[in-house]
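Below you'll find the structure, written out as structure tokens, and then a few comments.
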Amino acid sequence: MDKVDNPCVKECPDRTSTCHGTCERYIRFAAWREEEREARAKRQAAKAAGPGLQRALKSKQRRERQGRK
């Protein structure tokens, strides 16, 4: 998923006390953030596991960028 900027700003005309649960733009941003957190956790786990797993993870990421599994 491409980077999504946080749509929640002070001057937002649609801002309410419950807008994070109903705002489509914020829901899309929250999903992107969760994907980023999971990817970061995988990278950190790979660094802790050693060079063999790091190489495997980089190969997997390369294949995904190329559209392969």
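Here are some notes:
- Across the range 18-26, computed HN-Hα scalar couplings (Karplus, 6.51 cos²θ - 1.76 cosθ + 1.60, θ = phi - 60°) run 10, 5, 5, x, 10, 6, 4, 5, 6 Hz from first to last residue, x flagging Gly and Pro.
- Computed from phi, the 3J(HN,Hα) profile of the range 33-47 under the Karplus parametrisation 6.51, -1.76, 1.60 (θ = phi - 60°) reads 4, 5, 4, 5, 5, 5, 5, 5, 4, 5, 4, 5, 5, 5, 5 Hz, with x in place of Gly and Pro.
- Sequence-distant residues sharing a close amide H with ARG15 (under 5 Å, placed H): none
- Ranked by how many other Cβ atoms sit within 10 Å of their own Cβ, fewest first, the residues SER59, SER17 fall in the order SER17, SER59.
- Integer Hz, Karplus 6.51/-1.76/1.60 couplings in order for the range 2-17, x for Gly and Pro: 6, 4, 10, 7, 5, x, 7, 10, 4, 8, 5, x, 9, 6, 9, 6
- The relative contact order of the chain comes to 23 percent, based on Cα pairs under 8 Å that sit 6 or more residues apart.
- Translational diffusion of the range 19-65, µm² s⁻¹ [Kirkwood Rh, Cα pairs; Stokes-Einstein; 4 °C; 1.567 mPa s]: 105
Read-outs throughout are calculated quantities, based only on the coordinates presented, and are distinct from any laboratory measurement. Quantities reported herein were computed from a predicted structural model and do not represent experimental measurements. Here the Cβ is made from the backbone with ideal geometry for all residues, glycine too, and neighbour counts use every protein chain on show.
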